[in-house]
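Please read the structure below before turning to the comments.
The values are calculated or read from the model by the stated rules, or taken from the named source; none is laboratory data. Computed from a predicted model, the values in this text were never measured in an experiment. Ideal geometry is used to build each Cβ from the backbone, glycine not excepted, and the neighbour counts take in all protein chains shown.
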Amino acid sequence: MSDATLVNFPLNSNSKYYDKSLKPIKYDKDKAKSYLEKVKPVTDEELKQLENKQKENQKNAKKDSKTNTKAVETKQETETENVKEKDIKESKEKEQEQAIDKEAQLKEKLAKIDLKILVNKNNTERVKSAHLIVENLKTIGIKSHIVELEGQALDDAISSKKYDLALVGWELSIIPDAREIINNSGYSDEKLESYENSLINATTEEQISDIYKSMQKYINDNVIFISLAIRDEYIVTNRRVQGKISPNEFDVYEGITNLKTPEE
């Protein structure tokens, strides 16, 4: 896009809170494959079963905690037995893992994946970008398909989180505040929530700047979401005027001193 500025976080690059030292996430096919080898894809039904099992385990843990005091005398013996059993089990599992061809195992995992990519059907640039993403995923063996929606149907799909990837745009507020975008990304963890709460309670510009710097690094390192670009603002000029300007929401006239006319 010729009318946009690349960014690594959803803040205008001219904002005093934007960390310009932040490096973009590199395209690394080999690294992507190495991560895929560590994951186990699950279907929606399997995920639901895992969640139910976790809830059941939490209930059982509460029940077990009430009877733990009765088993103090035999604790050391059972722990020793458990350690031996665990060592034997881990040794067998390691041998089995080494016996399986990693490439074949990876292909088997990828065969279960078919990512759903949401995009606004009325935005041709995003639709084109979505197709590029599909092709890039294909190079590492991941299947994906694009779902083009518009209006309320797109809003409903995003709010219900019925997607794997969503290629969307966001209108930034004049006052720099990335919390709304982060909250709508669908990702949350204790550390990220801590950063957001710190922003709310910050009382000085220095505090806000430090929090944003840490937050940007954390989001970028963990690839919580990927920021692409911030659209430039526009200023109407006569076609005789030449020179590069960079209008933005902070200063629509930035670079205006670069403009010249042929007579000059």
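Across segment 132-147, the number of residues qualifying as farther than 15 Å from LYS29 by Cβ and surrounded by fewer than 16 Cβ atoms within 10 Å (Cβ to Cβ) comes to 2. Beta carbons closer than 6 Å, at least 6 apart along the sequence or on distinct chains, pair a first residue in segment 120-142 that is among the basic types (Lys, Arg) with a second that is surrounded by 12 or more Cβ atoms within 10 Å (Cβ to Cβ) for LYS121/GLU148; LYS121/GLU150; ARG126/VAL119; ARG126/ASN120; ARG126/LEU167. All of GLN216, GLN152 fail the test of being touching a residue at least 40 places away in the same chain (Cβ under 8 Å) and either in a helix (DSSP H, G or I) or more than 30 Å from LYS31 (Cβ to Cβ) (or both), apart from GLN216. For segment 187-229, the set of residues classified as among the aliphatic types (A, V, I, L, M) and farther than 23 Å from SER13 by Cβ consists of ILE200 only.
If you check ASN136, ASN120 for being at pLDDT 80 or above and under 20 Å from ALA157 (Cα atoms), only one passes: ASN120. The residues of segment 159-179 that are under 21 Å from LEU118 (Cα atoms) and either modelled with pLDDT of 85 or more or among the polar types (S, T, N, Q) (or both), listed by number, are SER159, SER160, TYR163, ASP164, LEU165, ALA166, LEU167, VAL168. Scanning segment 157-208 for residues that are touching a residue at least 60 places away in the same chain (Cβ under 8 Å), among the β-branched types (Val, Ile, Thr), part of a loop (DSSP other than H, G, I, E, B) and surrounded by 11 or more Cβ atoms within 10 Å (Cβ to Cβ) returns no hits.
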